[in-house]
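The values are calculated or read from the model by the stated rules, or taken from the named source; none is laboratory data. The model shown is predicted, which means the values in this text are computed figures rather than measured ones. Here the Cβ positions follow ideal geometry from the backbone for every residue, glycine too, while neighbour counts run over all protein chains shown. Ligands, DNA and RNA are excluded from the accessible area calculation, which covers all protein heavy atoms including side chains. Shrake-Rupley method; radii C 1.70, N 1.55, O 1.52, S 1.80 Å.
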Amino acid sequence: DEKSSAGIIYNFQMAFRADEEAKYGYEFDVQYRLSQLWLSILKELEPLIERSKPHNDASLERLKQMMSFIQENYADKLTVDDIARSASISVRECSRCFSSNLSQSPMDYLNNYRTQKACEMLISGSKSVLEISESCGFSTGSYFSKSFGKIMGCTPLEYRKKNRKSIV
């Protein structure tokens, strides 16, 4: 309907504008706007998706449990086995659950979540990159930098400098 289409267009425009302006914390505004955009699209497609997808409430419940576990324990050294155990399932079922519902592995989800938390710390705190790396559960500073670069497209220091400039 027209109202839904207008919301989709509005959120796209606002995300684009936030990215262009690049004000302090703009990444989160862009992420929020794009999430709203996708939510609107999903709501429009919900009837089609519901008809074509068999319900597996158990899989979704397990996924929620594992995501909660990761969010509560991301700073600790975690393995896929730890994540699977949090939902009382096998490692193979854990991987299948993440893959079928999120199109990523449990470790990819964990690294993305850790990186998101690191971004928050880089912007708002004064900890060193190494301290942030350790606070977010990365095993080494070099692995943190490599993982961060892969996800964010820049080094942690570049990210911090770029966002600190936005503050001024």
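List of remarks:
- Linear extension gain, A22 paired with Y143, 0.36 nm per residue minus alpha-carbon span: 40.8 nm
- With a 1.4 Å probe rolled over the protein heavy atoms of all chains, the accessible area of C154, C136 falls in the order C154, C136, largest first.
- The chymotrypsin sites (Phe, Trp or Tyr not before Pro) found in the range 2-43 that occupy coil by DSSP, while having at most 16 further C-beta atoms within 10 Å, are Y24.
- Taking every alpha-carbon pair under 8 Å whose residues sit at least 6 apart, the chain reaches a relative contact order of 20 percent.
- List I89, I151, I9, ordered by accessible area with a 1.4 Å probe, largest first: I9, I151, I89
- Legend: residues K127, K146, K161, sorted from most to least accessible area (1.4 Å probe; ligands, DNA and RNA excluded), read K146, K161, K127.
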